[in-house]
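Working notes, structure below.
The values are calculated or read from the model by the stated rules, or taken from the named source; none is laboratory data. In this text the structure is predicted, and so the values were computed from the model without any measurement. Because the Cβ atoms are built from the backbone with ideal geometry, glycine has one as well, and the counts that use them run over all protein chains shown. Accessible surface is based on the protein model in full, side chains and every heavy atom, while ligands, DNA and RNA are left aside. Shrake-Rupley method; radii C 1.70, N 1.55, O 1.52, S 1.80 Å.
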Amino acid sequence: MTTSTEALEAHRPSAVLNALKRLGFGTVVSVPDSWLGEILTRIDREPGMTLVRATHEEEALAIACGSRLGGVRTALLVQNAGVLSMGAGMVSLAQRYQFPLLMLVSYRGTPDDPVFYHIPKGRATEPVFRGIGLAHACTDRYRPIGPQIEHAATYAEEASCPFAQLMGREDIQW
């Protein structure tokens, strides 16, 4: 027999949203992506959370840092290509001033997402993250996602740095 907790964890995007709520995230900043559409709608409906939709990734990063500076636990939801485009802001703002930001990143261009125009960004993602010193991990699809989100958030807080959790379609697309 499946318990309600197990059923929620089986629907990974629900478990992501529940983890954000449980961990006290008050603001989520995002640049929409096709995988993120419904989870952003659900976040927007949450009474204890504020969704800020940015027009581009460096703007999203600046808003997230400002929100965090104001004392609100903040998460950033973007596509991996967006993180690639925020390199200067990442190193000169978020990393330089040690903002503990949880970044939930849709990992496009992997073998599980072989859309031809995403493949180059998929190949570049982890090498670029390593090159700019961005702490990151890939979500393990064989383990419950809630604890992985909690671990990523804890790492960002304890290390006082942005942390990117790279997520597959099953993790984030409603």
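Restricting region 111-135 to residues that are touching a helix residue (DSSP H, G or I) at 6+ places or on another chain (Cβ under 8 Å) and open to solvent by 30 Å² or more (accessible area, probe 1.4 Å) leaves a set whose member that is farthest from Glu157 (Cα to Cα) is Asp112. Remark: pairs (first residue in region 112-128, touching a residue at least 12 places away in the same chain (Cβ under 8 Å); second residue open to solvent by 40 Å² or more (accessible area, probe 1.4 Å) and of a type in the set (D, E, K, R); Cβ separation under 9 Å; 6+ apart in sequence or on different chains) = Asp112/Arg141; Asp112/Arg169; Asp112/Glu170; Asp113/Arg169.
Pairs meeting the criteria (first residue in region 32-46 and open to solvent by less than 50 Å² (accessible area, probe 1.4 Å), second residue assigned to a helix (DSSP H, G or I) and of a type outside the set (Val, Ile, Thr), beta carbons under 8 Å, at least 6 apart or on different chains) are Asp33/Gly82; Trp35/Arg169; Ile39/Pro13; Ile39/Leu17; Ile43/Leu17; Ile43/Leu20; Glu46/Leu17; Glu46/Lys21. Answer yes or no as to whether Val72 is in contact (Cβ under 8 Å) with a residue 12 or more places away in the chain, open to solvent by less than 10 Å² (accessible area, probe 1.4 Å) and among the β-branched types (Val, Ile, Thr). Taking the combined requirement at face value, the residue does not satisfy it.
Being of a type in the set (Val, Ile, Thr), open to solvent by less than 30 Å² (accessible area, probe 1.4 Å), touching a residue at least 24 places away in the same chain (Cβ under 8 Å) and not in a loop (DSSP other than H, G, I, E, B) is a description that applies to Ile149. When Gly89 is tested against the conditions (1) more than 24 Å from Arg169 (Cα to Cα); (2) at pLDDT 95 or above; (3) not aliphatic (A, V, I, L, M), the lone failure is (2). Figure legend. Inter-residue proximity from region 88-111: first residues closer than 23 Å to Leu40 by Cα and without any contact (Cβ under 8 Å) to a residue 40 or more places away in the chain, second residues surrounded by fewer than 24 Cβ atoms within 10 Å (Cβ to Cβ) and small (Gly, Ala, Ser), beta-carbon distance below 8 Å, spacing 6+ or different chains. Indicated pairs: Gly109/Gly122.
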